[in-house]
Amino acid sequence: MARWQKACSLIVVAVALATAGGARAAEPTAADRERARTLLLDGRAKLDAGDARAAVKAFRAAHAIMGVPTTGLDLARGLVALGRLIEARNVALDVTRSPEAPSEPEAFTRARTAAAKLAEELAARIPALVIEVSGPRGGEAEVTVDGAAVPPEALGLLWKVDPGEHAVEAAAAGFRRERRTVRAQEGTTVSVKLTLSPGDATGGGIPAWAFWSGGAGLVALGFGVGFAVDHASVRSTVAEDCPRNLCARYDDAAADALEARWNRDIGLAVGLGAVGLAGIGAAVYGIVTAGTSTPAGAAITPWFAPGVAGFTCRSVF
């Protein structure tokens, strides 16, 4: 009896797909109907075998070709097996809204009736979250479920989701980001309450001192390079005019000035270069660690002085 019913079902599908062209503005070709028929039967076989994902792929392709109630109903059933109840209900509702055509196959009428029943059943099976956020003033929190934004107006109301695990996240300026993972079972309503604590909502952000340090480091490094270039020029002059450090062409004042310039360039090139590198390093540190938290009581402060730079680390244990 089961085999006879299945054979009749396949015959009905074949007849429905073959006569679907009369109900559509653009009639599919015979090749299109054959492809859709093959895809539909292949999808049903995969669904019976437990491969819902492959079945949905086949059903979706068949429905894209024909777009008739029977292919839509199979797609909705495949989506249910895949656990995507919201999309399944939308597809089922689309089937119920499809216009009836004169002399359309009886299979289309039965498919609409079955789709309406399925949509009604799914309405009770689809779970929902009720998300409440406390801390910031109303409307200031940004809430997402699995990365999709939840409008502030929807907070505290039913937010329909598919069965399974969902990541709920809330953030607001001046508050620490809060994240919760919840599991929603079919037909249930899950309350999700998030409390945002005062702090940085973005997990730290790039501190202002990183920009100051980076800017100061670049300026210092630039000046250091300038003095290094000038020192190279002085070395060239000394090598040419003062062989073996004997500056016969210079009087005492000129020789002293040249020596002072030599010493000044070396000191400033090295000192400013060190300060510049330390400043840039501090900026890089601030940017790289912006998203991490620093233990309570710990502080990292960059400092600079002529010719030297570094960090001061303080912590309370």
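What follows is calculated from the coordinates using simple rules that are stated; it is not laboratory data. Given the structure is predicted, the values throughout are model-derived calculations rather than measurements. In this analysis, Cβ positions are derived from the backbone assuming ideal geometry, glycine residues included, and neighbour counts consider all displayed protein chains.
Volume per residue of the convex hull around the Cα atoms, evaluated for segment 128-195, comes out as 69 Å³.
As a rough guide to protection, the peptides 70-78, 146-154 ranked by mean Cβ packing within 10 Å, highest first, stand as 70-78, 146-154. Take the Cα of Ala260, step 7 Å toward its Cβ, do the same at Arg180, and the gap between the two points is 7.3 nm. Relative protection proxy for 54-65, 159-170, 36-47, from highest mean packing down: 54-65, 36-47, 159-170 (other beta-carbon atoms within 10 angstrom). Amide H contacts under 5 Å for Val150: Val143, Thr144, Val145, restricted to partners 5 or more places along the chain or on a different chain, H placed in the peptide plane at 1.01 Å from N.
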